[in-house]
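One structure is given below, encoded as structure tokens.
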Amino acid sequence: MADYGVDKYDIGAGFGHFGIAVEDVAKTVDLVKAKGGKVTREPGPVKGGNTVIAFVEDPDGYKFELLERGPTPEPLCQVMLRVGDLDRAIKFYEKAFGMELLRKRDNPEYKYTIAMMGYGPEDKNVVLELTYNYGVTEYDKGNAYAQIAIGTDDVYKTAEAIKLYGGQITREPGPLPGISTKITACLDPDGWKSVFVDNLDFLKELE
């Protein structure tokens, strides 16, 4: 998405990367190089595991983690965001968003901890990778990252839960002018924005 008259965005330090599932990481890295992208980690197994990964950047500076997996109908598999209090973030996404803590891993050598949050297994669903760097409680978020969108059966109940567990509602639940699709928008305790869209209304938009 491009905004008229804006030539460049500030990605900031808080947004991490998007995760993309591909069948052949090495081949994808070659394509990235050929198209002017930058490789920041060459293909190889993840530390302490067998999954082959690589990290690349597009010409605008957005970072992507390539993960070698089998065929999938939804290649976008992760969104990594940095948070200032991991326990607080986990509780918020569990209670307010209804996500599950899929796994949590501490890496003392590199001084960070990650928590994978989602609505189902990592190999079948898009997940949030929340990263806490030891001693860092806030980040410059820039203006490049916009939001994630999530489907819900009831935007009104979702907004109530968000308020109850420490989120900030930036758009009260209700229909959008002109199309009647009900949405609500919020900020999590770290200031990351999410939009919830009524599932049935969204399906009607696609008809």
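Specify which of the listed residues (F64, F55) is among the aromatic types (F, W, Y), touching a helix residue (DSSP H, G or I) at 6+ places or on another chain (Cβ under 9 Å) and not assigned by the TED database to the domain that holds D188.
Unique residue meeting the criteria: F64.
Working only within segment 156-206, note down all residues that are β-branched (V, I, T), within 24 Å of I90 (Cα to Cα), without any contact (Cβ under 8 Å) to a residue 60 or more places away in the chain and out of contact with any Phe, Trp or Tyr (no Cβ under 7 Å at 6 or more places or on another chain).
Result: I169, T170, V195, V197.
Specify the residue that is nearest to G142 (Cα to Cα); the eligible residues are those in segment 186-207 that are touching a Pro at 6+ places or on another chain (Cβ under 9 Å) and not in a helix (DSSP H, G or I).
Among residues in segment 186-207 that are touching a Pro at 6+ places or on another chain (Cβ under 9 Å) and not in a helix (DSSP H, G or I), the one nearest to G142 (Cα to Cα) is F196.
Which number in (1) of a type in the set (S, T, Y); (2) in a strand (DSSP E or B); (3) not assigned by the TED database to the domain that holds M117 marks the one condition that Y9 misses?
(2)
Suppose we keep only residues that are of a type in the set (A, V, I, L, M, F, W, C) and modelled with pLDDT under 95 within segment 177-207. Which one would you say is farthest from L128 (Cα to Cα)?
Among them, the one singled out is I179.
The values are calculated or read from the model by the stated rules, or taken from the named source; none is laboratory data. Here the structure is a predicted model, which means the values were calculated and not measured. So basically every Cβ, Gly included, is an ideal-geometry build from the backbone, and we count neighbours across all protein chains shown.
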